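Read-outs: derived from the displayed coordinates by stated rules, not from any lab. On a predicted model such as this, the values are computed, not experimentally measured, just so you know. Backbone-built Cβ (ideal geometry, glycine too); neighbour counts: all protein chains shown.
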Amino acid sequence: MFEPSVKLTSGAQGSIPLIGFGTWKAESGEVKKAVKAAVAAGIRHIDCAAVYANEKEVGEALTEIFAEGKVKRGDLWITSKLWNTCHDPENVEKAAKSTIEDLKCEYLDLYLVHWPCAFAFTGLPCRPDTDFCPRDAEGNIKFAKVSLQQTWGAMEQLVEKKIVSHIGVSNYPLINILDMLTYCKIKPAVNQIEVHPYNSREELILECQRLGIHVTAYSPLGSGVGATGPLGDGVIGGIAQALGCSPGQVILSWIVQQGVSVIPKSVKAERIKANAQMVKLSPEQMKEISGLNKNMVTCDMRVYWQYPIHYGKTIT
């Protein structure tokens, strides 16, 4: 019913699995079991980031998985992300190697620039709470004078040195994508962005696909905003009832049927398994879900760091 993976058009040869597993907000003591449950459920795409402060525990899970011998390193697609404090070109390679060491995975299939903004360097490895968002004595964020072009040049070096197989970006609006295409030597293979029925990002998805840039959707279920989010929407609930599946499966299937990979997160084995099982939506159902869009953002640079960028309106 669905293609299990999509071949990327930039970087080394490789195909990114459409169904992945996200590790954002997976707490210490939970993420190890969750990663193992995801792989046991047949998921072969694990999404990580230094800022999630759990890559060492993910690495422990991967070590145990590989030791069992049923799944090899080459069977998995592992993504991680460069945090804002490491945008300076002299820190990009160090950050990538720090992540690879924590994940114990030899190389990364995909390394993303996490956000299009640079903070002052705070050292490696990053420590949660203190280093991820450096501030001065007055509480102002300490931004770094590093351009996105400078950072991308260092990312390209990672591919040339075979430290990572593919490079991409995350949370990049179209204006940043179009700008980087004027200077990049290696086109971003992926743009990972927030996508859910209340923030469909249709224009950005279509433009990225037109440009040969694959899109991965994070926070596909609305980042756990409950009854105010898409999981509690009556339209989605009605479709789920008609198809005999969960609202979450409806949402994830809506995303995947657009050719977009998705990285839902859960620490419950039953839900992880369910998230890997897609259903077939009719063209009418796809259109109905797309019509729910409100341009509502759950992960917003303007809220986090008062960074001037336009994504939509923030969910409250």
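Using a cutoff of 8 angstrom between alpha carbon atoms and counting only pairs six or more residues apart, the relative contact order for the chain works out to 18 percent. Full extension of the chain between Ser282 and Cys184 yields a length gain of 31.4 nm, computed as 0.36 nm times the residue separation minus the alpha carbon distance. Among Cys117, Cys126, Cys184, the largest mean-square fluctuation in a Gaussian network model of the chain (Cα springs under 10 Å) belongs to Cys184. Applying 1/(1 + (r/R0)^6) with R0 = 25 Å to the Cβ-Cβ distance of Lys70 and Lys162 gives a FRET efficiency near 0.40. When the Gaussian network model of the chain links Cα atoms closer than 10 Å, the mean-square fluctuations of Val235, Val279, Val31 top out at Val235. Out of every Cα-Cα pair that the chain contains, those further apart than 35 angstrom amount to 15 percent.
Straight-line reach from Lys32: taking Cα to Cα under 19 Å and skipping same-chain neighbours fewer than 8 places apart, the aspartates and glutamates in range are Asp47, Glu55, Glu57, Glu60, Glu64, Glu68, Asp75, Glu101, Asp102, Glu106, Glu270. Pairs over the 29 Å Cα-Cα cut-off, from the set Lys81/Lys145; Lys56/Lys280; Lys7/Lys36; Lys56/Lys265: Lys56/Lys280.
Between Ser147 and Ala242, the contour length at 0.36 nm per residue exceeds the Cα-Cα span by 29.2 nm.
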